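Here is the structure we will look at.
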Amino acid sequence: MRVLVVGNGGREHALAWKIASSPLVEKVYCAPGNAGTSACAENVAIAATDITALADFAAVNKVDLTVVGPEVPLMAGIVDLFEGRGLRVFGPSRDPARIEGSKAFAKDVMHKSNIPTAEFWVCDSPATAMERLAEYYTVRGSAAGVVIKADGLAAGKGVTVCDTRADAELAIESIMVQRVFGDAGNQVVIEERLTGPEASIMVITDGHTIIPLLPAQDHKRLLDNDEGPNTGGMGAYSPVPGLTAADIASIIDSIVRPAIDTIRELGIPYRGALYAGIMLTATGPRCIEFNCRFGDPETQAVLPMLKSDLVPLLIATLDGNLANAAVEWHAGAAVSIVAASGGYPAGFKRGMPIEGLVEASEVPHCMVFHGGTRVSGNDVVTDGGRVLAVTARGTDYATARTVAYSAMSMINFQDIHYRTDIAKGVDW
Ligand code: AMP
Ligand code: GLY
């Protein structure tokens, strides 16, 4: 088979790496890919957003299966376009992808499906948002926390978790008046602030059958001890101790399955990867968000744990027969640490040469998944905010963490930043 992976992040490197290991696969392309994907795939210079050029490429090169990593092409309708041209593609079509693209749509699905989530209000003008916020504080008292979310896509930065009403007013002002996320700020969602540990539950579904992947824990904040701003994710581990098979089954039954059923009943069946961001509150798991794709960096921790071949699962999803699929996982745990460019998630420099990649990738049970990297002459240089993720698999978290950090210590570039507490204190 010939497989095309769309995207250029660490998630796509992990997908391309896993797909390339399948005996069913003779050739992997990655568009546009990065310096890391060129080791397991042929990079193709087409942007992930240029969906027409991607379809042309897939047709001309007789690609048997395309796997879409990021949300933007999914929401732009890459799946609808490919299917219209008779090309096989893994991912949800445009309508169900709105589960991620519109927080208001996601909340509507949650509401229709009785999915436990935070109480929320969708507001379409700054005045209504301020009014709604005033009511929130009248009811909950001045010490309450609140969360303000831009409705549309904002590259993972559209959510502000606010300690005070003043912070919330500032967030509404910057989203709706200064429009820092452009049209993503046409509406805001004001949300009750929940507390508890988080978990990422990713599943593969053909619209009926749900295959849960191992759960993962992301580390969203930039700095150690969960301080600093939210980012796309600074590290992950998998599985999640304390989240038993029974807990996962209950999350699937109360959160994931109702969403997939409701979306199917809306006439827009969901096929592909679905990601539920869960907060484990004192009163049970609640859904924080849905994403229409695999997580980044969760995928870099979860795929190395997958013992089975991924490709038959992707094909079974498209064939609608996941019910017959079997999935095997490695024992133990994986820990993935992200190295970012100094300044991320705000401004950062590109083009810094990266040292130590070969040494790190030679560490046993270790993988270096590239994100924002590219080849420049004889060097691999930084080309994005989240530059790479080092994943190690071990018999337990402590081993995986020690190996991952020792491999990371071999890597260097100017202004490298990574958290030193990924999976710290976690154990069986
Ligand atoms: P989202 O993009 O919706 O996943 O939000 C990003 C992060 O903001 C989540 O992973 C949480 O850490 C935090 N967050 C979002 N919604 C809430 C909420 N209702 N209560 C507390 N934290 C939240
Ligand atoms: N790690 C969070 C996400 O992929 O959205």
Task: Out of Ala47, Ala53, Ala106, sole residue that is hydrophobic (A, V, I, L, M, F, W, C) and assigned to a loop (DSSP other than H, G, I, E, B) - done: Ala47
Open item on the list: Checking Ala118 against (1) within 16 Å of ligand 2 (Cβ to nearest atom); (2) of a type in the set (Gly, Ala, Ser); (3) touching a Lys or Arg at 6+ places or on another chain (Cβ under 7 Å): exactly one of these is not met. Which one?
Closed with: (1)
TODO: Take the residues in segment 211-243 that are part of a strand (DSSP E or B) and either hydroxyl-bearing (Ser, Thr, Tyr) or crowded, with 20+ Cβ neighbours inside 10 Å (or both), then tell me which one is nearest to ligand 2 (Cβ to nearest atom).
DONE: Asp218
Open item on the list: Tell me yes or no: at least one residue of segment 124-144 is under 23 Å from Asp261 (Cα atoms), of a type outside the set (Phe, Trp, Tyr) and in contact (Cβ under 8 Å) with a residue 40 or more places away in the chain.
Closed with: no
Task: Failed item, numbered, when Phe290 is tested on (1) within 16 Å of ligand 2 (Cβ to nearest atom); (2) closer than 23 Å to Ala325 by Cα - done: (2)
Task: Qualifying residue in segment 115-131 (condition: in a helix (DSSP H, G or I), among the β-branched types (Val, Ile, Thr) and under 22 Å from the mean Cα position of the chain (by Cα)) - done: no
- [ ] Only residues that are within 23 Å of Arg393 (Cα to Cα) and among the acidic types (Asp, Glu): list them for segment 303-359, please.
- [x] Asp309, Glu328, Glu355, Glu359
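When residues of segment 160-181 are filtered for being assigned to a helix (DSSP H, G or I) and under 20 Å from Thr231 (Cβ atoms), how many remain? Please lay out each step first, then the result.
Taking segment 160-181 and keeping what is assigned to a helix (DSSP H, G or I), we get 165-177.
Checking which are under 20 Å from Thr231 (Cβ atoms) leaves us with 167, 170-171, 174-175.
Going through segment 160-181 one residue at a time, the tally reaches 5.
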Open item on the list: Against the definition (of a type in the set (D, E, K, R), within 21 Å of Gln217 (Cα to Cα) and at pLDDT 95 or above), how does Arg293 come out, yes or no?
Closed with: yes
- [ ] Just give me the residues in segment 94-125 being polar (S, T, N, Q), farther than 25 Å from Gly77 by Cβ and buried (at least 17 other Cβ atoms within 10 Å of the Cβ), in sequence order.
- [x] Thr117
- [ ] Kindly indicate whether Gly342 is touching a His at 6+ places or on another chain (Cβ under 7 Å), surrounded by fewer than 20 Cβ atoms within 10 Å (Cβ to Cβ) and either of a type in the set (Val, Ile, Thr) or farther than 25 Å from Val63 by Cα (or both).
- [x] yes
Open item on the list: Given the criteria over 30 Å from Ser102 (Cβ atoms) and outside any helix (DSSP H, G or I), does Leu87 qualify?
Closed with: no
Task: Unmet requirement for Asp167, which otherwise passes all of (1) farther than 21 Å from Ala346 by Cα; (2) touching a Ser or Thr at 6+ places or on another chain (Cβ under 8 Å); (3) surrounded by fewer than 18 Cβ atoms within 10 Å (Cβ to Cβ) - done: (1)
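Which of the residues spanning segment 194-207 are touching an Asp or Glu at 6+ places or on another chain (Cβ under 9 Å) and either more than 13 Å from ligand 2 (Cβ to nearest atom) or in a helix (DSSP H, G or I) (or both)? Working first, answer last.
If we filter segment 194-207 for residues that are touching an Asp or Glu at 6+ places or on another chain (Cβ under 9 Å), which is where we start, we get 198-200, 202, 206.
Hit for segment 194-207 is Asp206, nothing else.
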- [ ] Could you grab the pairs with beta carbons closer than 6 Å, sequence gap of 6+ or different chains, first residue in segment 208-224 and polar (S, T, N, Q), second one within 16 Å of ligand 1 (Cβ to nearest atom)?
- [x] Gln217/Ala199; Gln217/Tyr237; Gln217/Val240
TODO: Identify, from the list Ile288, Ile278, Ile252, the residue that is away from ligand 1 (no atom under 16 Å from the Cβ), in contact (Cβ under 8 Å) with a residue 24 or more places away in the chain and under 20 Å from His111 (Cβ atoms).
DONE: Ile252
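The values are calculated or read from the model by the stated rules, or taken from the named source; none is laboratory data. Since this is a predicted model, take the numbers as computed values, not measurements. A quick note on method: Cβ atoms are made from the backbone with ideal geometry, for glycine too, and the neighbour counts reach across all protein chains shown.
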